[in-house]
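One structure is given here, and the rest of the page talks about it.
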Amino acid sequence: MSGLTYRRNHRIKGYECDITGEITLPSLVNLMMDLSGQQSDSLGNTNDQMSERGLSWIIVQSDMQIERMPHRGEAIILETEAMSYNRFFTYRRFRAYDESEQLCVEVMTNFVMMDIETRKMVQIQKDLLTVYQADEIRTMVRMQKPIQLEPENRKEQDFRVRYLDIDYNRHVNNAKYFDWIINTIDPKFIMDHQMSGVTIKYEKEVEYGNSITSVMSTKEAENGEIITAHRIMNGEDLACEAHMIWKKV
């Protein structure tokens, strides 16, 4: 499976980082989504053209493998490739490398096409994908299921959706969910551990003014890694679920 690859250089800004000086997950996700948008623009497949058809792309799931998170001031290479598609799903890979071309982060992301008015998934329009030279497949690419919350040891925090949380698709920006997830984890734990893997699956849109609850639980794996499982609840509706794998620093 392969398609056109698109790259750009980026130097990590201070405002993209957390207290440790590492780029935050929301910042990295936003950079990667912007990269795919730049590739689409360069191929003549712009957001305006999608809007004229009443369509938009939305993310269903992302699986991430993290060797290390780049630091403030570091020059990195961002890369994306539209891998494949079937009737309803497209699959795109993102990578972040350091200056020596050593892989830092790899992400596989699953997109669907949405009707802007009905807010429902529609069948992929093939003519929009031709320029990416991605492979058409008949099967679905198997992606990891988020690990479920533990029945005990739960912690939760409430958040209200604000105006600046909403993107041009008129729902909460995908990177914002990581804010809600990470801000439910104890800061000392974050500073003492390094993320090595993340899986997130989006279930239902969250809109301006909604009050959501970020729920998490923690468990230790047999290999000593710590797994935090997460759910974003919008009232009784599951908006998204995720898990993160952590290693002691």
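The values are calculated or read from the model by the stated rules, or taken from the named source; none is laboratory data. Worth saying up front: this structure is predicted, and the values here are computed from it rather than measured. Note that each Cβ is placed from the backbone with ideal geometry, even for glycine, and that neighbours are counted across all protein chains shown. Note: areas computed on protein heavy atoms with side chains; ligands, DNA, RNA excluded. Shrake-Rupley method; radii C 1.70, N 1.55, O 1.52, S 1.80 Å.
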Residues of the chain: accessible area per residue with a 1.4 Å probe, Å²: 53
Rounded FRET efficiency, nearest 0.05, which uses the C-beta distance separating LEU238 from ARG138 and R0 of 30 Å: 0.55
Whole-Hz ³J(HN,Hα) from phi, Karplus 6.51 cos²θ - 1.76 cosθ + 1.60, for region 141-156, glycine and proline x: 6, 6, 10, 5, 7, x, 6, 6, 4, 6, x, 10, 6, 9, 9, 9
Can you show me the helix-derived [θ] at 222 nm for the chain, built from DSSP H runs with n ≥ 4 at -39,500 (n - 2.57) apiece and divided by the number of residues, rounded to the nearest 500. -4000 deg cm²/dmol
Among the lysines, select those whose C-alpha is under 16 Å from the C-alpha of LYS176, and discard any that sit fewer than 8 residues away in the same chain. LYS201, LYS204
Roughly speaking, to the nearest percent, how much of the chain's 1.4 Å accessible area is carbon and sulfur? 47
Using R₀ = 45 Å, calculate the FRET efficiency as 1/(1 + (r/R₀)^6) where r is the Cβ-Cβ separation of LYS248 and ASP115; round to 0.05. 0.45
Past 27 Å, Cα to Cα: identify those pairs from LYS188/LYS219; LYS145/LYS247; LYS13/LYS155; LYS13/LYS219; LYS13/LYS126, in the order given. LYS13/LYS155; LYS13/LYS219; LYS13/LYS126
So how much slack lies between GLU225 and ARG170, counting 0.36 nm per residue of separation and subtracting their Cα-Cα distance, in nm? 16.1 nm
Give the aspartates and glutamates reachable from LYS120 as a straight Cα distance under 13 Å; neighbours fewer than 8 places away on the same chain don't count. GLU203, GLU205
Can you give me the C-alpha center-to-center distance between region 165-201 and region 1-30, rounded to a whole angstrom? 14
Where Lys and Arg each count +1 and Asp and Glu each count -1, what net charge lies around TYR85 among other residues with Cβ under 10 Å from its Cβ? +1
Mean Cβ-within-10 Å packing, highest first, puts peptides 45-52, 235-242 in the order 235-242, 45-52
In terms of the alpha carbon gyration tensor, root eigenvalues a ≥ b ≥ c, rounded if a/c is under 1.5 and otherwise prolate when a/b exceeds b/c or oblate, region 34-162 is oblate
